[in-house]
Amino acid sequence: MWWRAVVAGLVVAGVSELAGRFPRLGALLLTLPIVSIVAFIAVWNKEQEMNTVARLARETIVLVPLGLPLFFPIAFSERLGLGFWAALATGVVLASVTIGLWFWLGPQAGE
């Protein structure tokens, strides 16, 4: 499905253009669940099974908050004395730890 790649590319391009001039509007565009909506539609079109879409939504509800640590080092990079790449790497590590702990200690898939 080539259109998924086009949508993702347009979102990234739109956010980067908008954020350069209007960071708050760029953040608003990032918070819109565009990728989730496209994924739900794609899964529905492929599976035609509401249980699959509902399960994807439940897993997303759990995993989105666990991914939020990504943003903290970036948001507070000036206070922490971090450059872009160090802040991004720290955020990726923090989010990986929280998500990894969930996959390790949380309920197993299918429970």
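The values are calculated or read from the model by the stated rules, or taken from the named source; none is laboratory data. Keep in mind that this is a model prediction, so the values were computed, not measured. Heads up, the Cβs are rebuilt from the backbone with ideal geometry, glycines too, and the neighbour counts pull from every protein chain shown.
Candidates Leu101, Leu88, Leu28, Leu66: the one that is part of a helix (DSSP H, G or I) and modelled with pLDDT under 85 is Leu28.
The set of residues from segment 62-89 being under 17 Å from Ala27 (Cβ atoms) and among the aromatic types (Phe, Trp, Tyr) comprises Phe71, Phe72, Phe76, Phe84. Against the test of being over 22 Å from Trp3 (Cβ atoms) and in contact with a helix residue (DSSP H, G or I) (Cβ under 9 Å, 6 or more places away or on another chain), the options Val97, Val38 yield a single qualifying residue, Val97. Within segment 73-105, no residue satisfies the criterion of being surrounded by 13 or more Cβ atoms within 10 Å (Cβ to Cβ) and either among the charged types (D, E, K, R) or in contact with a Cys (Cβ under 7 Å, 6 or more places away or on another chain) (or both). Filtering segment 13-32 to residues that are surrounded by 12 or more Cβ atoms within 10 Å (Cβ to Cβ) and either of a type in the set (S, T, N, Q) or under 15 Å from the mean Cα position of the chain (by Cα) (or both) leaves Val15, Gly26, Ala27, Leu28, Leu29, Leu30. Given the structure, is Arg79 modelled with pLDDT under 90, out of contact with any strand residue (DSSP E or B) (no Cβ under 7 Å at 6 or more places or on another chain), of a type in the set (Lys, Arg) and assigned to a helix (DSSP H, G or I)? For Arg79, the condition - modelled with pLDDT under 90, out of contact with any strand residue (DSSP E or B) (no Cβ under 7 Å at 6 or more places or on another chain), of a type in the set (Lys, Arg) and assigned to a helix (DSSP H, G or I) - is not met. With the condition kept exactly as written, say whether any residue in segment 33-47 is loosely packed, with under 10 Cβ neighbours inside 10 Å, at pLDDT 90 or above and of a type in the set (A, V, I, L, M). So far as segment 33-47 goes, no, none of its residues is loosely packed, with under 10 Cβ neighbours inside 10 Å, at pLDDT 90 or above and of a type in the set (A, V, I, L, M).
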